[in-house]
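Data first, discussion second: the structure below is written as structure tokens.
Every read-out reported here was derived from the displayed coordinates using simple, explicitly stated rules and does not represent laboratory data. This one's a predicted model, so the numbers in the text were calculated from it and none came from an experiment. Note that each Cβ is placed from the backbone with ideal geometry, even for glycine, and that neighbours are counted across all protein chains shown.
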Amino acid sequence: MKVDRVVVGEIETNCYIVTCLKTGKSLVIDPGDDYPKILRASSGREISLVLNTHGHIDHIKEDGRFGLPVYIHTLDRDCLRDPSRNLSALLGFAFTVDPEVVGIGDGDQIRLGELTFLVIHTPGHTLGSVSFLAGGVLFSGDTLFCGDRGRTDLPGGSEEEICASITEKLLPLPMSTLVYPGHGPETSIGAERKLWDGN
């Protein structure tokens, strides 16, 4: 697996291009802005699909630019068409996108070449927040950050749920699991478990 991080937009969202090294196929996780920058980073690789960890504008803004199916949890799929839910209305503009949407849920598996991405429903930041686990790598969206967790003061947020998502679903993963969050630097489950055990 090859992972390329592209930092996009005004609030520096991490967009990831993930490539199966055996087949050369790629997918994009959370293309929140800067479509040309994402394309340059993909270096002509074959992008097959788009994954969203959740439905906020800073993670979905370029979903429709690829002309590909977009995978998002069923509880957040309305964010693609509702400016109040994707938060663009709060920013003073009404953003909607209408790609081919594939609803996903907890335990689903998404194939990319010889890679398999396990969908882990991790609500708390939004109702339909998910993390994707593949090959010892976790893409945690805005659920788990390096030394922190996502906001819970936005519509659909819940401090109780995000803490449960982290402690019950993510921290039990192997300590060697590498974590690529929606914002900020990468971390590991081992490093985050030490921090949470200290709280």
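Considering the dipole of the chain built from charges on the beta carbon (Lys and Arg +1, Asp and Glu -1) around the Cα centre, which of T96, V50, L39 is farthest to its positive end?
L39
Once label points are set 7 Å from the Cα along Cα→Cβ at both L118 and V102, what is their separation, rounded to one decimal in nm?
1.9 nm
State the extension gain, in nm to one decimal, for the chain segment bounded by M175 and F93, taking 0.36 nm per residue of separation less the distance between their alpha-carbons. Walk me through the numbers on the way to the answer.
Details: separation 82, 0.36 × 82 = 29.52 nm, distance 4.17 nm.
Difference between extended and current length: 25.4 nm.
Given the options G67, G44, G55, state which has the largest fluctuation in a GNM of the chain using a 10 Å cut-off (strictly under) for Cα springs.
G44
Name the residue farthest towards the positive end of the dipole of the chain from the options T122, V8, T143, assuming +1 on Cβ of Lys and Arg, -1 on Cβ of Asp and Glu, about the Cα centre.
Result: V8.
Could you please rank D153, D142, D4, placing first whichever residue has the fewest other Cβ atoms within 10 Å of its Cβ? Please report the intermediate quantities before stating the final value.
On the way: D153 6, D142 27, D4 16.
By the 10 Å Cβ count, ascending: D153, D4, D142.
Looking at this model, which pairs from K2/K22; K169/K194; K2/K169 are more than 22 angstrom apart at the alpha-carbon?
On the way: K2/K22 10 Å; K169/K194 16 Å; K2/K169 25 Å.
K2/K169, as the Cα separations exceed 22 Å there.
What fraction of the DSSP beta bridges in the chain is antiparallel, stated in percent and rounded to the nearest 5? Please list the in-between numbers first.
Details: 27 of 42 bridges.
Around 65 percent antiparallel, to the nearest 5.
Nothing charged except the Cβ atoms of Lys and Arg (+1) and of Asp and Glu (-1): what's the magnitude of the dipole of the chain about its Cα centre? Round to the nearest 20 debye. The partial results should precede the final answer.
Values: 18 positive and 28 negative charges, 140 e Å.
With only Lys, Arg, Asp and Glu charged at Cβ, the dipole is about 680 debye.
Using 0.36 nm per residue, how much length does the chain from E12 to T152 gain when fully extended, once their Cα-Cα distance is taken away?
On the way: separation 140, 0.36 × 140 = 50.40 nm, distance 1.88 nm.
Here the segment from E12 to T152 would lengthen by 48.5 nm.
Taking neighbour counts of Cβ atoms within 10 Å as a proxy for exposure, in what order, fewest first, do E10, E161 appear?
Values: E10 9, E161 19.
The order, fewest Cβ neighbours first, is E10, E161.
Once fully extended, how much extra length lies between T74 and C163, figured as 0.36 nm per residue of separation less the alpha-carbon to alpha-carbon distance? List each step's numbers first, then the result.
Values: separation 89, 0.36 × 89 = 32.04 nm, distance 2.12 nm.
Gain on stretching T74 to C163: 29.9 nm.
Please list, in order along the range 182-190, the HN-Hα scalar couplings obtained from phi with the Karplus expression 6.51 cos²θ - 1.76 cosθ + 1.60 (θ = phi - 60°), rounded to whole Hz, x for Gly and Pro.
So the J values, rounded to whole Hz, are x, 8, x, x, 6, 8, 9, 4, x.
Whose amide H sits under 5 Å from the amide H of I104, counting only residues 5 or more places off or on another chain, with H placed in the peptide plane?
When sequence neighbours closer than 5 places are left aside, the close amide H contacts are I72, H73, T74.
Given (i) 1.02; (ii) 1.08; (iii) 0.94 as candidate values of Cα Rg over 2.2 N^0.38 Å, which corresponds to the one derived from the coordinates?
The value matching this structure is (iii).
Enumerate the amide H contacts of S88 below 5 Å, restricted to partners 5 or more residues apart or on another chain; note that Pro and chain-start residues carry no placed amide H.
Result for S88 returns I57, F95.
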